[in-house]
Amino acid sequence: MPAPTQLFFPLIRNCELSRIYGTACYCHHRHLCCSSSYIPQSHLRYTPHPAYATFCRSKENWWQYTQGRRYASTPQKFYLTPPQVNSILKANEYSFKVPEFDGKNVSSVLGFDSNQLPANAPIEDRRSAATCLQTRGMLLGVFDGHAGCACSQAVSERLFYYIAVSLLPHETLLEIENAVESGRALLPILQWHKHPNDYFSKEASKLYFNSLRTYWQELIDLNTGESDDIDVKEALINAFKRLDNDISLEAQVGDPNSFLNYLVLRVAFSGATACVAHVDGVNLHVANTGDSRAMLGVQEEDGSWSAVTLSNDHNAQNESELERLKLEHPKNEAKSVVKQDRLLGLLMPFRAFGDVKFKWSIDLQKRVIESGPDQLNDNEYTKFIPPNYYTPPYLTAEPEVIYHRLRPQDKFLILATDGLWETMHRQDVVRIVGEYLTGMHHQQPIAVGGYKVTLGQMHGLLTERRAKMSSVFEDQNAATHLIRHAVGNNEFGTVDHERLSKMLSLPEELARMYRDDITIIVVQFNSHVVGAYQNQEY
Amino acid sequence: VMFYRLLSVVQRQRTSRGWQNWPSARSGASAAEAHSVALPAQAQVVICGGGIMGTSVAYHLSKMGWKDIVLLEQGRLAAGSTRFCAGIISTARHLGIEQKMADYSNKLYQQLEQETGIQTGYIRTGSIFLAQTQDRLISLKRINSRLNVIGIPSEIISPKKVAELHPLLNVHDLAGAMHVPEDAVVSSADVALALASAASQNGVQIYDRTSVVHVMIKKGEVTGVETDKGQIECQYFVNCAGQWAYELGLSNEEPISIPLHACEHFYLLTRPLETPLQSNTPNIVDADGRIYIRNWQGGILSGGFEKTPKPIFTEGKNQLEIHNLQEDWDHFEPLLSSLLRRMPDLETLEIMKLVNCPETFTPDMRCIMGESPLVKGYFVLAGMNSAGLSFGGGAGKYLAEWMVYGYPSENVWELDLKRFGALQSSRTFLRHRVMEVMPLLYELKVPRWDFQTGRQLRTSPLYDRLDAQGARWMEKHGFERPKYFVPPDKDLLALEQSKTFYKPDWFDIVESEVKCCKEAVCVIDMSSFTKFEITSTGDQALEILQYLFSNDLDVPVGHIVHTGMLNEGGGYENDCSIARLNKRSFFMISPTDQQVHSWAWLKKHMQLDSNLLLEDVTWKYTALNLIGPRAVDVLSELSYAPITPDHFPSLFCKEMSVGYANGIRVMSMTHTGEPGFMLYIPIEYALHVYNEVMSVGQKYGIRNAGYYALRSLRIEKFFAFWGQDLNTLTTPLECGRESRVKFEKGVDFIGRDALLQQRQNGVYKRLAMFVLDDHDTDLDLWPWWGEPIYRNGLYAGKTTSSAYSYTLERHVCLGFVHNFSEDTGEEQVVTADFINRGEYEIDIAGQRFQAKARLYPVASLYTHKRRKEDVELSDLHGK
């Protein structure tokens, strides 16, 4: 199975094209032994069928976004110039600074930088960030789609609403429901912080809203009215599970509108992992489903950086996950449930949204596909039932939630999809971001003012600053900076422009073999505020 | 703390005038003291901008006798870029017209103090231009030989001599230098104030703290100006708003595009040296180090043009950005390093401050002057590319002449606003392009360099096809044109070395294209040409064209006429081919960059007549040139129509079908003198026709060719090109095209009187073709254009274009020969005899090469039989 190619990854990055084709061919044959014809994509977490290309077709032109605009006259040479590299790296970058006084409370979050670099066309990763308006706190998440981007797109649009609703006190829920009932203006629940490329689908918003409304109506009904003490951890778990359930239900019920009907099926048959952080004052919750990761950057007293992992990967490298899967299924399936480090020999993450092929019974799958639109029916992939499929569900969207109480030495949190973690060690990631962020603080402009400074002194000072900043200088965004390192680092851990430009100028069809989609959010904490909380409460 | 300190600096800059301690900045102001009274209700001219440009225009207009002038300045006089200018006047420029402007400015500023009594701080320091490389030295030598012939002293000197002239310079890494002893420094703000003061004495009214809101326009003419203090009626408006000129141009109801964009520019000021520098210490330009250095109050002033400019004000005037104009030391670091490498002793010198003053740049590195093509009476002078002080005097003079006399005394086409159209006006384009232009100021300018940014704007529908076949592109007026086609087997890496003053790497490629044009057939995409259609309901079209064009257009339907569009002086405003499509409609083909200029000229002279229609159809047609002896075979095979000379004589135009496509305008002419056809194809058929031509042509050995092949072919046949060889000051008689003038028809046309007079008196210059004799193509420097021509050892003119002729195996230059009197320098009549009896030399970067002058093309080039008039009549527009 494709798993071995994951090991080849660093190797592929260093070898010539002929070698890649060799490797790709190798995968190709390996795929053949487990199912019908698969396209030779090397270390896909999920081995898609060619028909999937049509299954999830993006409206946007991926190339246009990533490439930036090309004004050069000459045809694209193999090497991109530094400005071209920058325009690719910066195409999707986004920064948000929390206003210093947002009227209610001083936020423990200074702001965040986010960015993504596509390898798939279109990109299958998604990201979301929003401030909760009816409760305190900020939500940030990265979503890694597979078998298309439909599911990750849907989750990125919907999950935060489910979380926010789960966190709402009973009265607020009633208020909202009454507003909907009487056609009044709704209380805004979330304030989104979106890059222009992060879109919401207009067509499905009504459908999504109805599902969400059903959810809060149930919450209202369930509430006995005795305690409004909402547990964040529980809310997160409920929201994840509920959304996945809704995705599954919507696909089973279908929609009279043929476009929407096809959409909900695409969402359900594709998959997505999610890693979401909820920050409220010093309370940090990370809910994770799948193999994206949350990493806390901690600055030690001596100024050095260390990484604290705030999520567990749900994949074959996680012993307890293997254990869980074995316990959930009969003993005779112990060998088949995880094969070649993949769920049923197919799926790399062991938890995910969507992916009903791993959740529904065979009957249900067949029924839905047969009654579904022709596109679905003609699709070889959707018809294909995973091997050794005896006791579904094999997959869950239930997150693992880790709580962390922020300390002043916790400077930032990195949420990133596995595209980052498979290229860089967590320790390096934290160090690079840490040095970048502190460097940024030191990068105040110099002014001569009234001081006596000679040309020589100034020159010495500037050369020193330049050496320090050489790579930091180009980026105003920590996530961009991290991507630059992730893609362009050479064996010495410094950014090699040549390598960077090679990696970024790979043609669409090759890019996926050298790297995965990378999505990163770097949240910066306000140590002063965190410190003040601590003093207050102790 | 840092923040407040920065803030205080900014505020100081903004509030205290003369903070730079320019001598007597204040004393000058009194003469031109701002009027606080109400604005006049009307004036003949309103000038917007009280910098060096505005005051220079006011000064020159008032000198020429125009008195009713109002100058408006939004802030104070001589603030803005003029105040912060480094104050260097330098005549070492690449363009002849720029050299002349700078030379005039230098002379004007020198006597300004005497004329006005205002101290301008003018000191003749001289300039030294350093060359770190041999290529840079060649570039300097080219400038040097051109400066000398227009009477500006300059010489190439050794590094040792440099060290003698400037004690602080490190000269170890120098290949040589150029010394221009008459360059000077001056306080630019005081120059502007002196000009304003002189203008004010001549009656010009000056109002500061008055902003122009927009210009009022009625029926395509300026009628007045709306300011924040009221309206002024006026006939003429002059936009000298510097970096705000673009915004101001767009603010009218009918927007005028003035393509320019500002970038931040930094220079350093230091305290005096221990032994203060002499005030006449020469200016240094170290272009390879990207810096300039001048003495400044005993210390130095040094700035430069960095590789990574910071464009500013892309979205217009922005208070936030103005406030943020701070010293950016990190940005200045490469320039500071370069300075300390050049003058190591400055290490211990104390910094006074780093000045950040935005400068304005244009898309082609040349300034912008002239009248708007859309609005009569709307003049512009802006976009100085950091040379405002050097050009100020001369540019102001030319613009004033333009307004007063209708045209300037020199050919300023290279600076004319009409070389641009709305297409260069996109903010994104400008931002990207100026980021390339600013570093380019100090980059080596080798022959045939192309801009890299702002490309692929206008393309032919065949662009992708040609690109896939190895086309290398150049750009003209936003249009991509193929230079040559790299064969598939060619090593592409070897082709990156084309930046040279010597034989370029595409030599062999172009040779094979030329050979194919001569022996088989080539196809060249010439879609960029400007194409107009003039139609009328009656004879109006013919009548107006007969008046506007010098050649007889009353020809049978289907005929093509090469003709000039002349001005009153008989000079070429345009040189084009006109096909008579039918009795009442004409198809006019002009050079690519004529799109705006030619349109404006035609519009200006065509009365508003609903029966007469002028249409720009440039975008409607793709033009393919089939060139070579087998072109006729390809075409006849594709059209099943007889294409023998009897059915399809030379210089004839027919609509016919080519392949499946009908309605293709086929013209039996090429722009090179080779046999062949031009196909004007409605764009939706372009790909089809191209594919058909290529597939049918295969058996005749067809291949793609580019403009370099075209250029070689046309120059070896002595075809002059408008915009390069011909301009508004050259007449048909001066380039041997008398046969294209309808003297005997008894029809009046613009320029007729001037030409008649010239025919009687003789011409004062004559276009000739020079074949270089002792020039080694492999080893010697190649000619480009602008090389001085010597006749019997005396300067006689400059070349206008050049190319290697693969047929003659020699370089060929075109250029004008003058007859300067040995005693007085006065221009005398040039006769054919005068040309023929001279011994000629062409000066390429200081080295002279013997050349044979010819007044007619080399007959042996025409391998095929052609009638004589064909030869003379065939013209070209390709470059």
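The values are calculated or read from the model by the stated rules, or taken from the named source; none is laboratory data. Nothing here was measured: the structure is a model prediction, and the numbers come from that model. Counting neighbours? That spans all protein chains shown, and the Cβs are built from the backbone with ideal geometry, glycine included.
So here's what we get for this one:
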| item | result |
| --- | --- |
| Test: residue in the range B:352-362 that is aliphatic (A, V, I, L, M), within 10 Å of chain A (Cβ to nearest Cβ) and closer than 23 Å to A:K452 by Cβ | yes |
| Qualifying residue in the range B:497-511 (condition: in contact (Cβ under 8 Å) with a residue 60 or more places away in the chain, among the β-branched types (V, I, T) and surrounded by 19 or more Cβ atoms within 10 Å (Cβ to Cβ)) | yes |
| The range A:477-529, residues that are under 30 Å from A:V106 (Cβ atoms) and either modelled with pLDDT under 85 or part of a helix (DSSP H, G or I) (or both) | A:A478, A:A479, A:T480, A:H481, A:L482, A:S527, A:H528, A:V529 |
| Whichever residue in the range A:235-287 is within 24 Å of A:D410 (Cβ to Cβ) and assigned to a helix (DSSP H, G or I) and, among such residues, is farthest from the chain's Cα centre (by Cα) | A:A235 |
| The range B:266-286, residues that are surrounded by 21 or more Cβ atoms within 10 Å (Cβ to Cβ) and away from chain A (no Cβ under 14 Å) | B:T281, B:P282, B:N283, B:I284, B:V285, B:D286 |
| Output for the range B:124-148, where each listed residue is crowded, with 18+ Cβ neighbours inside 10 Å, within 22 Å of B:Y104 (Cβ to Cβ) and touching a residue at least 60 places away in the same chain (Cβ under 8 Å) | B:T125, B:G126, B:S127, B:F129, B:R142, B:N144, B:S145, B:R146 |
| Filter pass, B:L336 being part of a helix (DSSP H, G or I) and within 10 Å of another protein chain (Cβ to nearest Cβ) | yes |
| Count of the range B:309-324 residues which are of a type in the set (A, V, I, L, M) and surrounded by fewer than 18 Cβ atoms within 10 Å (Cβ to Cβ) | 2 |
| Meets criteria (at pLDDT 95 or above and within 14 Å of chain A (Cβ to nearest Cβ)) for B:I368 | no |
| Search result, residues across the range A:132-162 that are among the aliphatic types (A, V, I, L, M) and under 22 Å from A:F209 (Cβ atoms) | A:L133, A:L139, A:A150, A:A154, A:V155, A:L159 |
| Selection count, the range B:711-763, where residues are of a type in the set (D, E, K, R), in a helix (DSSP H, G or I), surrounded by 18 or more Cβ atoms within 10 Å (Cβ to Cβ) and touching a Pro at 6+ places or on another chain (Cβ under 9 Å) | 2 |
| Entirely in the range B:430-537, the strands (runs of 3 or more DSSP E) that have 2 or more residues that are of a type in the set (K, R) and within 30 Å of B:K307 (Cβ to Cβ) | B:471-476, B:479-485 |
| For B:N318: the one exception among (1) closer than 24 Å to B:I52 by Cα; (2) modelled with pLDDT of 90 or more; (3) under 33 Å from the mean Cα position of the chain (by Cα); (4) more than 14 Å from chain A (Cβ to nearest Cβ) | (2) |
| Condition check for B:C263: touching a Lys or Arg at 6+ places or on another chain (Cβ under 9 Å) and more than 14 Å from chain A (Cβ to nearest Cβ) | yes |
| Within the range B:291-308, tally of residues that are more than 10 Å from chain A (Cβ to nearest Cβ), crowded, with 21+ Cβ neighbours inside 10 Å and not charged (D, E, K, R) | 9 |
| Residue match in the range B:363-382 (condition: surrounded by fewer than 17 Cβ atoms within 10 Å (Cβ to Cβ) and either assigned to a loop (DSSP other than H, G, I, E, B) or among the polar types (S, T, N, Q) (or both)) | no |
| Residues (buried (at least 24 other Cβ atoms within 10 Å of the Cβ) and touching a helix residue (DSSP H, G or I) at 6+ places or on another chain (Cβ under 6 Å)) located in the range A:294-310 | A:M295, A:G297 |
| Whichever residue in the range B:459-488 is in contact with a Leu (Cβ under 7 Å, 6 or more places away or on another chain) and closer than 24 Å to B:V596 by Cβ and, among such residues, is farthest from the other protein chains (Cβ to nearest Cβ) | B:P461 |
| Selected residue (criterion: farthest from the other protein chains (Cβ to nearest Cβ)) from residues of the range B:449-458 that are closer than 30 Å to B:G304 by Cα and touching a residue at least 60 places away in the same chain (Cβ under 8 Å) | B:F451 |
| Restricting the range B:322-333 to residues that are without any contact (Cβ under 8 Å) to a residue 60 or more places away in the chain and within 11 Å of A:H459 (Cα to Cα), the residue that is farthest from the other protein chains (Cβ to nearest Cβ) | B:D330 |
| Qualifying residue in the range B:292-300 (condition: polar (S, T, N, Q), part of a loop (DSSP other than H, G, I, E, B) and either under 25 Å from A:R465 (Cα atoms) or under 33 Å from the mean Cα position of the chain (by Cα) (or both)) | no |
| Candidate set: the range A:434-462, residues that are at pLDDT 80 or above and within 7 Å of chain B (Cβ to nearest Cβ); chosen: the one surrounded by the fewest Cβ atoms within 10 Å (Cβ to Cβ) | A:K452 |
| Residues (within 29 Å of B:I157 (Cα to Cα), not hydrophobic (A, V, I, L, M, F, W, C) and not in a loop (DSSP other than H, G, I, E, B)) located in the range B:837-859 | B:Y840, B:E841, B:D843, B:Q847, B:R848, B:Q850 |
| Members of the range B:400-448 that are within 14 Å of another protein chain (Cβ to nearest Cβ) and of a type in the set (D, E) | B:E436 |
